[in-house]
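Note sheet for the following structure.
The values are calculated or read from the model by the stated rules, or taken from the named source; none is laboratory data. For clarity, every value in this text was computed on a predicted model and none was experimentally measured. Cβ sites come from the backbone with ideal geometry, for glycine too, and all protein chains shown count toward neighbours.
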Amino acid sequence: MGGITLRIHRMTAAFGRLQGESLELREGLNILQAPNETGKSTWCAFLLSILYGINSRERDRAGFIADKNRYAPWSGIPMSGRLDCAAEQGEITLTRSTRRQTSPMGEFRAVYAGTNEPVPGLTGSNCGEELLGVSREVYARSAFIRQNGLAISQDAELERRIAALISSGEEDTSFTEARDALKRQLNRRRHNKTGQLPALEAERSDLERRRAESAELSRQLAQARRDAEVLAAREAALLEELDHCDRWEALRRRSALTAAEAEAAAAEQRAEDLRRRIGADRVPENDAIARLRGAIVNLETTRRAVDRARAERDEAMKALLRAEAAVSESPFAGQSPESARKEIQQTAQSSKIPGGVAVRELTIFFLFLAAGVGAAFALLSQSALSSALSWLLPGAVFAAFTAVGGVLSRLYRRHALSAARSTALLKRFGTADQDAIRQLAEAYVKLWEARDAAQANANAKSAAADTLYNSLSSNEQAILLEVRRFAPGAFDIPTADQLLRSCAVRRRELTEAESAAREARARREALSQQVPEVPEGPEAAPPARGREIAAAELAETRARLAEARSAADRLDGQLRAAGDPAALEGSIRELTDRIDALEGEYSAIALALEALEAANTALQNRFSPELGRRAAEIFARLTGDRYTGVSLDRQFRLSAEPAGDAVFRDAALLSAGALDQLYLAVRLAICDLVLPPEKQAPLVLDDALASFDDARCAAALRYLKEAAGERQILLFTCHSREADFFAGHGEVFVQRLTSAAGRV
């Protein structure tokens, strides 16, 4: 074990479910057995976090929880931890604690064990890489093996580490990153219809289109200016024609004003006459008429409500009559529910006298007694005691028969009474069965209750009908009283409604007359303002055509003139925007030169990408055989020489060669257990080839053997025991077979973990 550089002694964590718990470890192989959900995976995550820290910028997303949230202590205390280990710097203690909630385990300290002296060169950001010799990504994809993470995924950090091993030794080269950078440069210049080249080509096409359109725009501009000149001359002629129409219409308007003044005076006189007559007849205002007519309409609604209420009252009375008839038809008619129940109880008690049964039994007893007495007389006639008892026996027999006769007489009377009672019940109820009579009584109680409910409903319906009728009557009287204030002859609602209609018609006539008067005044005022002064001159002759026709043509001409001028302005602006043809030609030549230069760059980058692909293939051909050879050796040991070869490409796609079969099988064709064994073999081979041999980083396995059968699990354990001679190995498992396999083995440290770690 002298070659081991990093050796973990103890871990203490406030991390997830771990609440200040500690885990002791030793050199070589450590078997850590615990049931599910007791913190095995949490210890693994803690080891990675204490060495490399927690990414505080990581966020939760769909199907993923960031470590800072996943492993927040369940008790709510700040996340923290400690790692005691031996490294090339000596015995050291690493601690991480949380000062700010946004930076869990952000406070880091590395001191020499038993002192407060800091270890030079160890910081929170470089601790893991300094102690293990690789970055977090490389360590997690090689020596940090979980059951659900056995598969090997491609990573730029792992690529750089592999490239360093098989090329120059520099770890700043990654084929994936270089290829992606070249592809980004290619896509920047051209990617389908996007990129610099398509944009420049589109710009050049646009300039060529603008150059071709320039000549057409010049021709259209000249035509638009000629059209504008013709339309301007036509506009002047139409304006002169409309001036002649104005002189003619001025004379016509003066005549129309005189007629409008006479019409307005007549309309005002008619409105004044209507106002005077309405005032004399005390016709109410429109709002009063509308209110009273609305009240009459509401009376009809109330009347329909009264009819409905009376109909409901009649139906309720019919239901009451039916309920009373049902009560009268019951055998208990005339009784209250309480008396009916009491009668049933009394009838049930009287029916409990078992007269008939007792009479039959005593009669049989009497017959047996008579037979016994006869037998006694026969014996006495033959006995020597007959002379002595002959005088006592007749008296005893007589007394016995007298007693039995009395009992039989009473029982027969009770039986007769019970029979008479049954006959009476049958006559009254139609049955002597007590259960049937009890059901009739219960039905009678329900009929009684139904009758009471029907009576209450009938009373309520009658009260509602009376209330509505009283409301209808009072509303009618109120309306008639108000109408008779201006129409004394209104003694019923139809007459009042007819008078209100007449009042509404008269009010409408007045409104129409006033509106006509206002309109006449408005026309007079409008005409008085519109009549211009007629200029002196010869009498104007009627125009050759109407003003509307000339005005419509003028409007159309002006619109066409505006369109022609607008088109000329627009074409002139387009010509200015298109630019000088010489300038356009120069821009086209400049764009062509830029396109040629970018196409040259595109070809050079494509050639460089092809060369990079070829170099990567050569690099892969150097790396894959060595890794495949080492993985094949381990896979053969894990499977008992069932497989002899392993092949993988740069993207870590795997295939295995069965013993005696020259055809490699794709990893997807293997069973789940064999696939996990293949992945484990490749992971262990990567550890041998990628991890720095001088660091001997610990190997961590979390339930990595869960799907192995017993034989292959034993083979894996034997291999791990040998590998533990070079590095410390932590094997977490939920099974007991690993611990049982090394039971009593002094070189393997076995622990069984529960809520608090305990050693075996």
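Taking the listed residues ALA72, ALA14, the one that is in contact (Cβ under 8 Å) with a residue 40 or more places away in the chain, aliphatic (A, V, I, L, M) and in a loop (DSSP other than H, G, I, E, B) is ALA72, with no other qualifying.
Among the residues of the stretch 545-573, those identified as more than 27 Å from SER218 (Cβ to Cβ), in contact (Cβ under 8 Å) with a residue 60 or more places away in the chain and of a type in the set (A, V, I, L, M) are ALA550, ALA551, LEU554. Look at the stretch 98-115: where a residue is closer than 18 Å to MET11 by Cα and a partner is assigned to a strand (DSSP E or B) and of a type in the set (Lys, Arg), sitting 6+ places away or on another chain with Cβ atoms under 7 Å, you get MET105/ARG96; GLU107/ARG96; PHE108/ARG96. For GLY746, the conditions (1) surrounded by fewer than 15 Cβ atoms within 10 Å (Cβ to Cβ); (2) closer than 27 Å to GLU130 by Cα all hold with the exception of (2). Pairs are defined by a Cβ separation below 7 Å, a sequence spacing of at least 6 or placement on different chains, a first member in the stretch 691-706 that is in contact (Cβ under 8 Å) with a residue 40 or more places away in the chain, and a second member that is among the acidic types (Asp, Glu); the pairs so defined are GLN696/GLU726.
Only residues that are in contact (Cβ under 8 Å) with a residue 24 or more places away in the chain and not aromatic (Phe, Trp, Tyr): list them for the stretch 247-264, please. Give the steps one after another, and end with the answer.
First pass over the stretch 247-264, keeping only residues in contact (Cβ under 8 Å) with a residue 24 or more places away in the chain: 247-251, 253-254, 256-257, 260-261, 263-264.
The answer is ARG247, GLU249, ALA250, LEU251, ARG253, ARG254, ALA256, LEU257, ALA260, GLU261, GLU263, ALA264.
Every condition in (1) under 22 Å from THR5 (Cα atoms); (2) outside any helix (DSSP H, G or I); (3) of a type outside the set (Asp, Glu) is met by LYS721 except one, and the failing one is (2).
Among the candidates GLU27, GLU37, the residue that is out of contact with any helix residue (DSSP H, G or I) (no Cβ under 8 Å at 6 or more places or on another chain), among the charged types (D, E, K, R), surrounded by fewer than 19 Cβ atoms within 10 Å (Cβ to Cβ) and farther than 22 Å from LEU691 by Cα is uniquely GLU37. Scanning the stretch 489-530 for residues that are surrounded by fewer than 17 Cβ atoms within 10 Å (Cβ to Cβ) and farther than 20 Å from LEU274 by Cβ turns up GLY489, PHE491, ASP492, PRO494, THR495, GLN498, GLU525, ALA526, SER528, GLN529, GLN530. There is at least one residue in the stretch 441-462 that is farther than 26 Å from ALA311 by Cβ, of a type in the set (D, E, K, R) and free of Cβ contacts under 8 Å to residues at least 24 places away in the same chain.
For the stretch 691-712, the set of residues classified as among the hydrophobic types (A, V, I, L, M, F, W, C) and buried (at least 20 other Cβ atoms within 10 Å of the Cβ) consists of LEU691, ALA697, LEU699, VAL700, LEU701, ALA704, LEU705, PHE708, listed by residue number. Selection of the stretch 265-324 for residues being crowded, with 17+ Cβ neighbours inside 10 Å and not in a helix (DSSP H, G or I) yields VAL283, PRO284.
In the condition set (1) over 27 Å from LEU200 (Cα atoms); (2) modelled with pLDDT under 85, GLU548 is compliant with all but (2). Comparison of ARG642, ARG712, ARG637, ARG650 shows that the only residue that is in contact with a helix residue (DSSP H, G or I) (Cβ under 7 Å, 6 or more places away or on another chain), farther than 17 Å from LEU731 by Cα and at pLDDT 85 or above is ARG637. Among the numbered criteria (1) within 30 Å of GLU747 (Cα to Cα); (2) buried (at least 19 other Cβ atoms within 10 Å of the Cβ); (3) of a type in the set (Val, Ile, Thr), which single criterion is violated by THR95? Status for THR95: all satisfied but (2). Looking across the stretch 325-340, the residues that are not in a helix (DSSP H, G or I) and not charged (D, E, K, R) come down to SER330, PRO331, PHE332, ALA333, GLY334, GLN335, SER336. Select from the stretch 97-138 the residues that are part of a loop (DSSP other than H, G, I, E, B) and in contact with a strand residue (DSSP E or B) (Cβ under 7 Å, 6 or more places away or on another chain) and list them in ascending order. Within the stretch 97-138, THR98, ARG99, MET105, ALA113, GLU117, VAL119, LEU122, THR123, GLY124 meet the criteria.
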